[in-house]
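Asks: Starting off with a structure, shown below.
The values are calculated or read from the model by the stated rules, or taken from the named source; none is laboratory data. From a predicted model like this one, the values you see are computed outputs, not experimental measurements. The protein model used for the area step is the full one, side chains on, heavy atoms only, and it has no ligands, DNA or RNA in it. Shrake-Rupley method; radii C 1.70, N 1.55, O 1.52, S 1.80 Å.
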Amino acid sequence: MNKQSFLSILTASIVIASCGKKDDKSAQAGGAPQVKEYKTLALQPESATLYTDFPASIQGQQNIEIRPRVEGYIDKIYVDEGAVVKAGQPLFKISAPEYEQAVRTASASIKSAQAEVSTAKLAVHKVKPLVEKGIISKYELESAQYTYESAMASLAQANASLVNAKVNLGYTTVTSPVSGVVGSIPFRLGSLVSSATAEPMTTVSSIGNVYAYFALNEKMLLNFTQENSGASLAQKIKKMPEVSLVLSDGTTYAEKGRIETVNGLINTETGTVNIRARFPNPKGIIRSGSSTTVRIPNVVKEGIIVPQSATFELQDKIFAVTVGKDGKTKNVTITKLENTAGNYYVVTSGLKSGDQIVLEGVASLKEGSEIKANNVSAETVYADLK
């Protein structure tokens, strides 16, 4: 073999070897795909407090319209809008001179009636001994006594007229019937007012306690009442937990409230029932007409709770993804309670203790996919669950 032939064979061997290495790499690249790793959780019963928020409107325990009982012109306004007043505190002064005159007239009538009584009494004392001595007839004594009784009746009537006149005069000073906060005052000095005036002089809202009105749908009402023992609805309501009030700025009101009444009728148009909760308001922070939120707690004991991020919705159904022992996924339809525990669902059906669920990327994970489960501790998953 010459030198040129030997070089040709060597070159061919190198080319074949290189092709063999490329084929080996191609075989490795076209082999079985790598199994992707997902975070999973083995479900165990958990306890949590669920909070459900309901928009509510605030009303004072008493919202009383202040109306005049006599006709006259507003002479004085003692308070300003938004002022805190006590029961019996003067609000307005109405100028009505006729009532002052009525008091003076009634006082004069009393003096006249007292004089008539004194005269009739003297007549009785004068006639009585003459009748006893037989000088005049008994008829004269009876007539004198009747005159005296008539004079006493006139005096009583005069006294009643004075009382009535003073009462009417007292109505010229309009006072607050309760302690509370003064509303808007649409009238000014010199305005003519009477009991027939359509608009009230103002409104006083008693805010020592305030009522929060909100609505529950029938299903949620049944859930809340069934969780509390009691023979009647009233007894169940008394055993409901205290509720919180979230103010318009997002802060939680310091005082806790209690649900007191549930309307007996369900609104057929909305399917809801009106609820009233009472909150103490010792500092007068909450004003009538405020818009707030009532937050109702519900303690779940030993329930199946899953993060909302571990679920997805499809055609109005909620799904979770479980992992079997073979490492393959399965989509499971779940049902949950109406109220949620923060970013978690309380599952009522579809999952059970011991099931292993996928925690992330569930919406894009196809059913039957093989995955590598990276089990995460429950303490990590439920760290912010209270």
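Asks: Please list, in order along the stretch 166-171, the HN-Hα scalar couplings obtained from phi with the Karplus expression 6.51 cos²θ - 1.76 cosθ + 1.60 (θ = phi - 60°), rounded to whole Hz, x for Gly and Pro.
Replies: 5, 4, 4, 5, x, 5
Asks: Give the cross-link partners of residue 283 among the lysines, using a straight C-alpha distance below 16 Å as the criterion and excluding same-chain residues fewer than 8 apart.
Replies: Output for residue 283: 86, 256.
Asks: For Cα extents along the principal axes in Å, the listed values are (1) 191, 51, 35; (2) 86, 59, 37; (3) 78, 56, 40; which was obtained by calculation from the structure presented?
Replies: Label (1) holds the value from this structure.
Asks: Pairs of alpha-carbon atoms within less than 8 angstrom and 6+ residues apart define the contacts here; what relative contact order does the stretch 46-133 have, in percent?
Replies: 21 percent
Asks: Rounded to the nearest 5, what is the percent of antiparallel bridges among the DSSP beta bridges in the chain?
Replies: Expressed as a percentage, antiparallel bridges in the chain total about 95.
Asks: While we're here: Quick check on my link table: of 39/301; 36/330; 219/330, which ones sit more than 24 Å apart, alpha carbon to alpha carbon?
Replies: 39/301; 219/330
Asks: Related question: Amide H to amide H, which residues 5 or more places from residue 176 or on other chains are under 5 Å from it, using H placed in the peptide plane?
Replies: Counting only residues 5 or more places away or on other chains, the set is 88, 89, 91.
Asks: OK, next. Could you pull out every residue, at least 5 positions away or on a different chain, whose amide H is within less than 5 Å of the one on residue 272? Hs are placed 1.01 Å off N in the peptide plane, and Pro or chain starts have none.
Replies: Residues meeting the criterion, in which the H sits 1.01 Å from N, are 267.
Asks: Counting only C-alpha contacts under 8 Å and six or more residues apart, can you give the relative contact order of the chain as a whole percent?
Replies: About 26 percent, as a whole number.
Asks: With θ taken as phi - 60° and the coefficients 6.51, -1.76 and 1.60, list the Karplus ³J(HN,Hα) couplings across the stretch 322-331 in order, rounded to whole Hz; mark glycine and proline as x.
Replies: So the Karplus estimates, Gly and Pro as x, are 9, 10, x, 5, 7, x, 9, 8, 8, 7 Hz.
Asks: In addition: Which percent of the accessible area of the chain is formed by carbon and sulfur heavy atoms (probe 1.4 angstrom)?
Replies: Whole-percent figure for carbon plus sulfur exposure: 52.
Asks: Something else: List the residues whose amide H sits under 5 Å from the amide H of residue 258, counting only those 5 or more places along or on another chain, with H placed 1.01 Å from N in the peptide plane.
Replies: The answer is 243, 278.
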